[in-house]
Each structure stands twice: as structure tokens, then as C-alpha cells.
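Coordinate-derived values only; no laboratory data. These numbers were taken from a predicted model, which means no experiment stands behind them. All Cβ positions, even for glycine, are placed from backbone atoms using ideal geometry, and neighbour counts span all protein chains on display.
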Amino acid sequence: MVPVMYYVILSAILFIIGALGVLIRRNAIVVFMSIELMLNAANLAFVAFARQYAATSGQLFVFFVMTVAAAEVAVGLALIVAIFKTKASINVDQINTLKG
Amino acid sequence: MSLSDLVLNLKVILPIAVLVLWACALLIIDLFIPAQRKGLTALLAALGLAVVLGLAVAQAGRQESAFNDMVVVDGFSTFLNVLFAASGLAGIALAYDYLKRTGMERGEYYTLLMFSISGMMLMAQATDLIVMFLALELLSIPLYVLSGFARPRADSEEAALKYFLLGSFSGAFVVFGIALVFGATGSTALATVLEVARNGAANLTLLVIGAGLVVVGLGFKVAAVPFHMWTPDVYQGAPSAVTAFMSVGAKAGGFAALLRIFMVAVPSTSAHLWLVFEILAILTMLLGNLVAIAQTNIKRMLAYSSIAHAGYILMALVTYGLPTTAPIGVAAALFYLVAYAVTSFGAWAVVIALEKAEGKGLELDDYAGLGRKYPLLALAMAVFMLSFTGVPPTLGFMGKFYLFGAAIHGGFVGLALFGVVTSLISAYFYLRVIVIMYMREGDPEVSADPWLKFTAIAAAVLTVLLSLAAGPLFNLAARATLFLN
């Protein structure tokens, strides 16, 4: 059997890729996808630890996280569509009327 | 779970349950209310919140947990629930006229506000990290929508997108942190986490990294430096009534979670984390106050001011590892949250009264002449500015007094001195508002809405009066935290 720590390391790598994606990518949709990757990295860690402790609660948490992610998608995509209608762009560098 | 168990469990979260049900019902009722009579929705929402406020007060003195120890009602949660319900009422009072004036009067505003408050209340009552995460999202997601409520105004949409992206980014940190804490201890219930950590059975590396990630995520929510980048933009771009509510509610919600987690669950990691909190507090106080000096827009100035105040409240968390000081620290933090909430709502009420369409009337220079033309409103604003600075006799002064006192009691004299120095720096930009109001000529226009004036003046009176009765209020906060340990 593959040791649990391998899964945890994989999830940490996924989380870091997601975080870097948020910081580096400029397209709002891709930034958003990177956030989803971070959430799913957490899901992987939850499932791996649930197996280690033989605790089903860890697997249950994944459903909560997925539900919350879905709610965020609903709001996030609506916001991105709205901003695309006004700006005709979803590049986060061009969304910069507020500064000071 | 049998029906009677369910009823017993529901009694613990009765205020939240009523609030959510009422908000759902209001969504449907609102459909039948004609567009020009949305004041009725505001009234119904306010009624619901008043009932919830009453239910929250009625829970005083109770100490029970429910739903397999995932939620709890205790002094801490009751204190904060009352604060949240009251800020909801203030949020409605500020919004009613503002929404009508700016042409964005839609009934959803009030329901979203109520959903957000239910998230904050759940945050105060949660004793399980997963529930805390759900509460965090329940409080945040409606706020994302509310920030973009002035759609299709570009700045509002931009604020919403920025808040959304950085908010869910921070949410991901929280959830990954929770996953690691779960990995370290095999549980997400705060009590079990604490027990496992005390027995030495926990994987300390994972626990500390997990707790650190949770701090990062919640640091975003309370706008602590270096996780504050979104705050000025979002506060400026969001409709002012939303900003007012957000600056109080979201911050208090974030601190509710931070206090609950670090006072209950992970004191065992205090040796590793108090330094982190101290650095966060110092950076936040310094940057918030220094950058606020350079602002000419009042909304941005108040945004940096709110960052700085998060820094002061963070001081309370520095002391959490010391068993003798921790209760005073939490009580001081709760007291400061009340002081901040009252002052903040008052200041925002004045800002909203002066704001005109298209985001005009928000520069500091627009306040010139307010002292002569509207003496009462200017006096109220002066009280708020003095309270933010921490000048007696205001709530802000007493709040800082207790916080710095807790820091000194815990042996962090340097930190307390730093708080005093940054307060002195902040005097510059707060007093500048007073100088502009009273010593410059100008002809400001003010909205005639009675609710705005009432909120501003009531908040000013409370700021002064409560500071004279600060002792009992602090004792209330101290009793609220007694149950925590």
C-alpha cells in the first residue's frame, strides 16, 4: 500500500501549484480554477488522513468542501460574467480603477 | 436522532435557525412587494433581526453544546451574537435611504445581509473546525454579492471580484489548514484537538503548519497585514452601506473564529505562534496607520483605519498562551470589537449622509464647512474620530486602555508601547478630518434621511456614554469569556 504521507505530500504540491497559479496567472477564470485546485488539494489531504485514522468523518468533510466550492462557483462565475459585460475583459491587471 | 433530541439541539442554534428561516421566507415575500415599496422588505428584515436579537439575549447564561459538540452556546457566543444582530440592524438603518438614493433598491440586499449575519453567528457558536469553515463561507459569499450590488458601476463590480478572488483564496488556506490539523490529531473538534495535543499524541509539525495556515486565512478576513491588500479597494468600491456592515461584521466574525480557535484549541502551540501574532499585530498597526495618512478619500482612509484597528485587536491574541492573561485578553478584544463597531457604524453613517451619486462627496475636502452647516452631524463625526484615535471620554479610549493593559499584564510592555505610539501617529489623520470640518469654508450637502442621522447621533451618544460605563461592559465581556476555558 502507498504510505499516507505520499498523498499528503502530493496534496501539498497541488496546493502550492494552486497558490502560485492565483499569484501568477492574470485571467480571472484561471485564477479561479487555481483556487479550486487548492480546495481539491485539501480534499485529497482529508481523504488521505481519513484513511490513516480509519475515520469516515474526514471523507464527509470532502462533501462539505465540494458544496462550498460549488456555491463559490455560482457567485464567482456570475461576477466574472458581470465584469466581462462592462469591461469586455477578465484580465485582472486591467481591472484597476481602484487604487491609491 | 429522535425528534426530541432534534428540538433540544435546535434550541442551541435557535437565533441562527430563526434568522435563516426568516431570510428564506423573506426572499419569497419580497417577490410580492412592488419595486417602489421595498421599504417594507427593510422593515420586515429589521423585525426579524430584532426578534433574533431578543432570542440571542435570551440565551444569556446558558452553556450547552449540540449536534455532537459541533456548535455550542456560551457567554462568548451570546456576546458576539448580540453584537452581530445589532450590527445587522445598523446595517439596515444605513442602507435604507442610501439604496433608494443611488437607485439600487432591491429586496435581496436585506436577505443577503441576513444570510451573512447567520454565518457570523454560526462562526461565534462553532466549536468544530469544519463548521467554522462553513460559517466563514456563509458569512463571506453574501458579502461578495453585496460588494457588487451597485452593478453595473465598474468600481463596485471590481470590488466584488477582488473580494471574491482573495476571499476564496483565503478560504482555501483555511480549509487546507483544517485538513492538516485533522491529519495531526485525527479530529476537527476543537476540544478533541486540544486533548490530543495535550497528550502529546499529535503530530506537532502538521499541527503548527495547519494552525499557521488557518491564521493566514483568517488574517485575510480580518484584514491583518500582510494579508490586507484587498481591503482599501473593496472598501472603496463597494456601496458604502455594505462597506459599513462589512467593516464591522466580517472583522468581528474573523476575530470570533481566531479567538475561539486559539483560546480553546491550540494553546499548546502557543510557544510557536505567539511571536507570529506579535509580528502580525505590529505590522498591522504600523502599516494601517502610516498609509492612512496619505489618503484623500474618506472611504480609503477608513479602510486603512480598519486595518489598523485589526492590529490592535490582534494584540489580545499575543497573550493567549498565558493562562492568567488570556481571559483578560479575550475580554479586552470583545470590548474593543464593541467599541469599534459602535464608532465605525457612526462614522460610516456620516460618510453615507454626505455621499452623493456617482461616488461624489467622498473626498476629505468635501467635509469642509460641515461644522458650521450641520453642527450636530459634525460633532458626531468629531466624536467618532476621537474615539478611533483613542481620546477619552470615548469608547475607543477605553478599548485601547483594556487591550494595552492586557498586553502589559502579559509582559508585552514593548508591544503596548508600540500601540500607544501608533495611536499617536493615527491622531494626525483622524484629527485632520475634524480640522477640515471646523476650520475650512465649504458648503456640504447632507442627505435628509432621519435614519442616517439617528444612527450617527445614537452612535455618538453611545460612544461617550458607554465609555463612562465601561467597567460594567468590560465585566460583561469578562464573564462571557469565563466559560471559554
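Under the Karplus relation 6.51 cos²θ - 1.76 cosθ + 1.60, θ = phi - 60°, what is the ordered set of whole-Hz ³J(HN,Hα) values for region B:300-308, x standing for Gly and Pro?
5, 4, 5, 5, 5, 4, 5, 4, 4
Once you compute Rg and the Kirkwood Rh from C-alpha atoms, what is the Rg to Rh ratio for region B:372-479? Display every interim value, and only then the final one.
On the way: Rg = 16.3 Å, Rh = 15.4 Å.
Radius of gyration relative to Kirkwood radius: 1.06.
Evaluate the charge dipole of region B:298-373 about its Cα centre and quote only its size in Debye, nearest 20, assuming +1 on the Cβ of each Lys and Arg and -1 on the Cβ of each Asp and Glu.
100
With the contact rule set at Cα under 8 Å and sequence spacing of 6 or more, what percent relative contact order holds for region B:1-149? Walk me through the intermediate numbers first.
Details: 185 pairs, mean separation 39.7, N = 149.
Relative contact order for region B:1-149 comes out at 27 percent.
HN-Hα J couplings of region A:36-46 from phi, Karplus 6.51/-1.76/1.60, θ = phi - 60°, integer Hz, Gly and Pro as x?
Listing the rounded values in order: 4, 4, 4, 4, 6, 4, 4, 4, 4, 4, 4 Hz.
Between B:Ala17 and B:Thr192, what length in nm is gained on full extension when 0.36 nm per residue of separation is reduced by their alpha carbon distance? Don't skip to the answer; put the middle values down first.
Values: separation 175, 0.36 × 175 = 63.00 nm, distance 2.62 nm.
Result: 60.4 nm gained on full extension.
How long are the semi-axes of the equivalent ellipsoid of region B:1-114, taking √(5λ) for every eigenvalue λ of the Cα gyration tensor, in whole Å from largest down? Each step should come with its number before you reach the end.
Details: eigenvalues 189, 50, 16 Å².
Over the Cα atoms of region B:1-114, the semi-axes work out to 31, 16, 9 Å.
Relative contact order of chain B: what whole-number percent is it, with Cα pairs under 8 angstrom and at least 6 residues apart?
Values: 850 pairs, mean separation 71.0, N = 485.
It comes to 15 percent, rounded to a whole number.
Which FRET efficiency value, to the nearest 0.05, do you get for A:Tyr53 and B:Thr324 by plugging their Cβ-Cβ distance into 1/(1 + (r/R0)^6) with R0 = 45 Å?
0.80
Each residue of region B:240-251 in order: what ³J(HN,Hα) in whole Hz does its phi give by Karplus 6.51 cos²θ - 1.76 cosθ + 1.60, θ = phi - 60°, with x for Gly and Pro?
For region B:240-251, the Karplus-derived couplings read 4, 5, 5, 4, 4, 5, 5, 5, 8, x, 5, 5 Hz, x marking Gly and Pro.
Can you give me the convex hull volume of the Cα atoms of chain B, divided per residue and expressed in Å³? Don't skip to the end; give the middle numbers.
On the way: hull volume 60.2 nm³, N = 485.
Roughly 124 Å³ of hull volume per residue.
Excluding B:Ala357 itself, what net charge comes from residues whose Cβ is under 12 Å from its Cβ, given Lys and Arg +1 and Asp and Glu -1?
On the way: positive: B:Lys100, B:Arg101, B:Arg153, B:Lys356, B:Lys360; negative: B:Glu355, B:Glu358, B:Glu445.
Spelling it out: positives minus negatives among the neighbours equals +2.
Taking all pairs of different Cα atoms in the protein assembly as shown, averaging 1/r and flipping that mean, what Kirkwood radius in angstroms comes out?
Values: mean 1/r = 0.0419 Å⁻¹.
By the Kirkwood definition, the hydrodynamic radius is 23.9 Å.
Roughly speaking, what is the centre-to-centre gap between region B:311-369 and region B:227-266 when only Cα atoms are used, to the nearest Å?
With region B:311-369 and region B:227-266 each reduced to a Cα centre, they are spaced 11 Å.
Mean residue ellipticity at 222 nm from the helices of chain A, using -39,500 (n - 2.57) per DSSP H segment of n ≥ 4 over the full residue count, to the nearest 500 deg cm²/dmol? Don't skip to the answer; put the middle values down first.
Values: 3 runs with 79 residues, N = 100.
Helix-only estimate at 222 nm: -28000 deg cm²/dmol.
Which FRET efficiency value, to the nearest 0.05, is calculated for B:Asp69 and B:Ala25 with the Förster distance at 45 angstrom and r the Cβ-Cβ distance? Please list the in-between numbers first.
Details: r = 30 Å, r/R0 = 0.67.
My answer for the efficiency is 0.90.
Could you list which residues have their amide H under 5 Å from that of B:Val225, counting only those 5 or more apart in sequence or on another chain, with H placed in the peptide plane?
Placed amide hydrogens put B:Thr284 under 5 Å from B:Val225.
Which entries of B:Lys360/B:Lys453; B:Lys221/B:Lys373; A:Lys87/B:Lys221 have Cα-Cα distances beyond 29 Å here?
Details: B:Lys360/B:Lys453 19 Å; B:Lys221/B:Lys373 38 Å; A:Lys87/B:Lys221 27 Å.
Checking Cα-Cα distances, B:Lys221/B:Lys373 exceed 29 Å.
Among B:117-127, B:436-446, what's the highest-first ranking by average C-beta atoms within 10 angstrom per residue? Show your work: numbers first, answer last.
Numbers: B:117-127: 27.5, B:436-446: 15.5.
Put in order of decreasing packing, that is B:117-127, B:436-446.
Which value at 222 nm does chain B reach when only helices count, each DSSP H run of 4 or more adding -39,500 (n - 2.57), with the total divided by all residues and rounded to the nearest 500 deg cm²/dmol?
Numbers: 20 runs with 369 residues, N = 485.
After summing the helix terms and dividing by residue count, I get -26000 deg cm²/dmol.
Which residues does a label at B:Lys360 reach in region B:294-316, if reach means a backbone N under 18 Å from a point 7 Å past the Cα toward the Cβ?
Zone members listed by number: B:297-299.
Tilt of helix B:413-439 relative to the longest C-alpha principal axis of chain B, in degrees (0 to 90, nearest 10)?
20
Using the beta-carbon distance between B:Thr296 and B:Ser4 and R0 = 56 Å, what value does 1/(1 + (r/R0)^6) give for FRET efficiency, to the nearest 0.05?
Details: r = 61 Å, r/R0 = 1.09.
Efficiency computed from Cβ-Cβ geometry: 0.35.
Quote the convex hull volume per residue of chain A, based on C-alpha atoms, as a whole number of Å³. Could you put the intermediate results ahead of the total?
Working: hull volume 10.9 nm³, N = 100.
Hull volume normalised by residue count: 109 Å³.
Report the local net charge at B:Leu334: Lys and Arg +1, Asp and Glu -1, summed over other residues whose C-beta lies under 15 Å from its C-beta.
Surrounding charge for B:Leu334 is +3.
What do the square roots of 5 times the Cα gyration tensor eigenvalues come to for region B:270-485, in whole Å, largest first, as semi-axes of the equivalent ellipsoid?
Numbers: eigenvalues 215, 69, 33 Å².
Calculated on Cα positions only, the semi-axes equal 33, 19, 13 Å.
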